[in-house]
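Worksheet for the structure shown next.
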Amino acid sequence: MQVILKQMGDCILRRCEEINLRTLPEHYSDYFYESLLEELPEAFIVAEISGKIVGYIMCKIEHGFSNFKKLGFVKKGHVVSIAVIDEHRRKGFGSILVDEAVKGVKTIQGSELYLEVRCSNNDAVKLYEKLGFSIIQRLKTYYRDGEDAYVMAIDFTS
Ligand code: ACO
Ligand code: ZN
């Protein structure tokens, strides 16, 4: 049975059940998608309009040092990728995808959620800031083309 997490106009958000994301802007191998889906189905969410997937967010779970508590060891979500197709951007779908991923990470007792984003990706940085993420650090030449990344994170315990 398909569980609808949220509805916004004619768009529904639901957990991803099958890997069928080939039309989306950022492509990874099916194996990669499937391993993430298996690991954290609570935060692998798709946005769908009339049966067509128009956006997704996928996350993994990690155990490691906190982005917030000095020397704290935590269970945290990591946004591996989020995208909305071009013609449906700026309608709030990206925001509700992140919101639902936050809920998913909380349901498995994750205490924070973090991600890396290109420093030049103003749209995405703005979106994350709007949702309560802060820039934690800058990673020099994080991407293969030499660009730096921001690490951005949100703390659920404060
Ligand atoms: N210009 C300025 N601000 C923007 C823009 C834009 N083009 N797009 C989003 N924002 C900001 C705004 O503050 C916006 O709020 P507002 O519309 O009320 O002003 C806020 O973000 C939320 O916008 P949404 O409509 O919720 O976001 P959208 O559905 O457009 O999705 C996304 C945003 C996912 C970043 C989309 O632009 C996209 O798919 N980009 C290409 C892929 C990408 O860059 N993904 C993120 C990489 S980082 C990572 O994956 C961990
Ligand atoms: Zn990452």
key: Extreme residue, modelled with the lowest pLDDT, among residues of the range 1-38 that are polar (S, T, N, Q) and open to solvent by less than 70 Å² (accessible area, probe 1.4 Å)   = SER29
inquiry  = For the list (1) free of Cβ contacts under 8 Å to residues at least 40 places away in the same chain; (2) under 16 Å from ALA153 (Cα atoms); (3) touching a Gly at 6+ places or on another chain (Cβ under 7 Å), I need the number of the one condition that CYS59 fails.
reply    = (1)
Lone qualifier among GLN137, GLN109 - being assigned to a loop (DSSP other than H, G, I, E, B), farther than 17 Å from ILE45 by Cβ and more than 8 Å from ligand 1 (Cβ to nearest atom) = GLN109
inquiry  = Restricting to the range 112-134, give me the number of residues that are within 19 Å of ILE57 (Cβ to Cβ) and assigned to a loop (DSSP other than H, G, I, E, B).
reply    = 4
ask   = Among the residues of the range 39-59 satisfying the criterion of being touching a strand residue (DSSP E or B) at 6+ places or on another chain (Cβ under 7 Å) and not aliphatic (A, V, I, L, M), which is most open to solvent (accessible area, probe 1.4 Å)?
value = GLU39
request  = Taking only the range 60-99 into account, find how many residues are touching a strand residue (DSSP E or B) at 6+ places or on another chain (Cβ under 7 Å) and near ligand 1 (Cβ under 9 Å from one of its atoms).
outcome  = 15
task = Output the qualifying pairs, or none if there are none: Cβ atoms under 6 angstrom, residues six or more apart or on different chains, first residue in the range 25-41 and farther than 20 Å from LEU113 by Cβ, second residue surrounded by 14 or more Cβ atoms within 10 Å (Cβ to Cβ).
result = PRO25/ALA83; ASP30/ILE19; GLU34/ILE19
note = Output for Cβ contacts, cut-off 8 Å, separation at least six or different chains, first residue over 22 Å from LEU40 (Cα atoms) and in contact (Cβ under 8 Å) with a residue 12 or more places away in the chain in the range 67-82, second in a strand (DSSP E or B) and within 16 Å of ligand 1 (Cβ to nearest atom), reads PHE68/GLU112; PHE68/ALA153
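Does GLY104 satisfy the criteria of being out of contact with any Ser or Thr (no Cβ under 6 Å at 6 or more places or on another chain), open to solvent by less than 20 Å² (accessible area, probe 1.4 Å) and part of a loop (DSSP other than H, G, I, E, B)? It would help to see each step written out before you state the result.
Working: out of contact with any Ser or Thr (no Cβ under 6 Å at 6 or more places or on another chain): yes; open to solvent by less than 20 Å² (accessible area, probe 1.4 Å): yes; part of a loop (DSSP other than H, G, I, E, B): no.
Taking the combined requirement at face value, the residue does not satisfy it.
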query = In the range 133-158, which residues are open to solvent by less than 40 Å² (accessible area, probe 1.4 Å) and either over 18 Å from GLY64 (Cα atoms) or not small (Gly, Ala, Ser) (or both)?
reply = PHE133, GLY146, ASP148, ALA149, VAL151, MET152, ILE154, ASP155
message = Under 6 Å between Cβ atoms, which residue pairs at least 6 apart in sequence (or on different chains) link something in the range 88-108 that is free of Cβ contacts under 8 Å to residues at least 40 places away in the same chain with a partner that is open to solvent by 40 Å² or more (accessible area, probe 1.4 Å)?
response = GLY94/LEU127
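The values are calculated or read from the model by the stated rules, or taken from the named source; none is laboratory data. Predicted model, so just to flag it, every value in this text is computed and none were measured. We place every Cβ from the backbone using ideal geometry, glycine too, and count neighbours over all the protein chains shown. To get the accessible areas, we keep the full protein, side chains included, count just its heavy atoms, and leave off ligands, DNA and RNA. Shrake-Rupley method; radii C 1.70, N 1.55, O 1.52, S 1.80 Å.
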